[in-house]
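> Here it is, the structure, as structure tokens.
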Amino acid sequence: MQGHKAIIIGSGVAGLASAIRLAVQGYEVVVVERNSYPGGKLSLIEKEGFRFDAGPSLFTQPQNIEELFVDAGENIADYFEYDSVPVSCKYFYDDGKILNAYTNAEQFDEELQQVMGEQKGAVRSYLSKSEQLYKSIGTVFLNHSLHKRKTWLRPAILTALKNVRLPYLFGTLHAYNQKQFTNPHTVQLFNRFATYNGSNPYETPGMMSLIPHLELNEGTFYPKGGMISITNALYRLAVKKGVQFRFNCSVQHIIHHQ
């Protein structure tokens, strides 16, 4: 694609990844960013000698970033490293209960039994359904545009439709969770996954129960140096691939010529 140019508005994670992929394909890429730094929400706050990650606090599916470095022909270990963590979150409740959300289903099942009095196997059953939903339906929505006719001709669409259940579409996530667990604390825990994409668990459909699969089945990871190391790694890679950045530059208009 020599001679082709691309302008990307915003240097968030998506903007950085897009810039890298285009640069690898031979595009001359310019990223325009109104802030003085890259990363968007995935940034850093420094005050009085302390450093705080801003934005996302959980790192899941590291294979997506690994794939980006493979496409760029670079060794990801030269840019940043990460480790898996056994507990994705620790929950503190007003009544004094403290719950560890283990990324091992059997450990989490035992924890919910002991702390919340949930039935044995309840969370394992929930996470099994979550995994099935994600793999049969979630990946279709994530990897293919539903606006394209050819998407509806894919065999995966038929598999997705076969796995659709009425509670996933016409019941709320809260109602779905209430049927899966007995303790309101557990229901509240799984309700919060709706907030990952800005949804309200009392209004969003039960289909959102596929989200916990990413965190509790596939696992949670910690980038060494904090979440900001993801931004730093992608920015370094983009610069190495020739991407140009225009910081402190706001976009007012997009002029398109036919």
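> Excluding same-chain residues fewer than 8 positions from LYS179, which lysines have a Cα within less than 21 Å of its Cα?
Hits, sequence-local ones excluded: LYS120, LYS129.
> Shifting gears a bit: Considering only C-alpha atoms, what is the centroid distance from segment 8-31 to segment 181-258, in Å?
About 18 Å separates the Cα centre of segment 8-31 from the one of segment 181-258.
> How long is the gain from TYR202 to ARG21 if the chain were fully straight, where each residue apart is worth 0.36 nm and the alpha carbon distance is subtracted?
Fully extending the segment from TYR202 to ARG21 adds 61.3 nm.
> Ranked highest first by the average count of other Cβ atoms within 10 Å around their residues, in what order do 118-125, 185-192, 231-238, 42-49 fall?
The most tightly packed comes first, giving 231-238, 185-192, 118-125, 42-49.
> Report the full-extension gain for the segment THR195 to GLU66: residue separation times 0.36 nm, less the Cα-Cα distance, to one decimal in nm.
So the chain would gain 43.8 nm between THR195 and GLU66.
> Assigning unit charges at the beta carbon (Lys, Arg +1; Asp, Glu -1) and nothing else, what dipole magnitude in debye, to the nearest 20, does segment 11-82 show about its Cα centre?
Its charge dipole is roughly 340 debye.
> Could you check the spin-label model distance between GLN132 and GLU48? Points 7 Å from the Cα along Cα→Cβ, value in nm.
My value for the distance between the label points is 5.3 nm.
> Now for a separate question. What number, rounded to the nearest 500 deg cm²/dmol, is the helix-based mean residue ellipticity at 222 nm of the chain, given -39500 (n - 2.57) per DSSP H run of at least four residues and division by all its residues?
-10000 deg cm²/dmol
> What is the magnitude of the charge dipole of the chain about its Cα centre, with +1 placed on the Cβ of each Lys and Arg, -1 on the Cβ of each Asp and Glu, and no other charges, expressed in debye to the nearest 20?
So the magnitude is around 1080 debye.
> Quick one: which residues, 5 or more positions from GLY39 or on another chain, have an amide H under 5 Å from its amide H? H modelled 1.01 Å from N in the peptide plane, none for Pro or chain starts.
Residues meeting the amide H criterion: SER11, GLY12.
> Sticking with this one: Taking the convex hull of the alpha carbon atoms in the chain, what volume per residue do you get, in Å³?
Value for the chain: 184 Å³ per residue.
> Taking H placed 1.01 Å from N in the peptide plane, check which residues at least 5 places from CYS89 or on another chain put their amide H under 5 Å from its amide H.
Sorted by chain and number, the residues that satisfy this are ALA101.
Just so you know, all these numbers are worked out from the coordinates, no wet-lab data involved. Here the structure is a predicted model, which means the values were calculated and not measured. Reconstructed Cβ throughout: ideal geometry from the backbone, glycine too, with neighbour counts over all protein chains shown.
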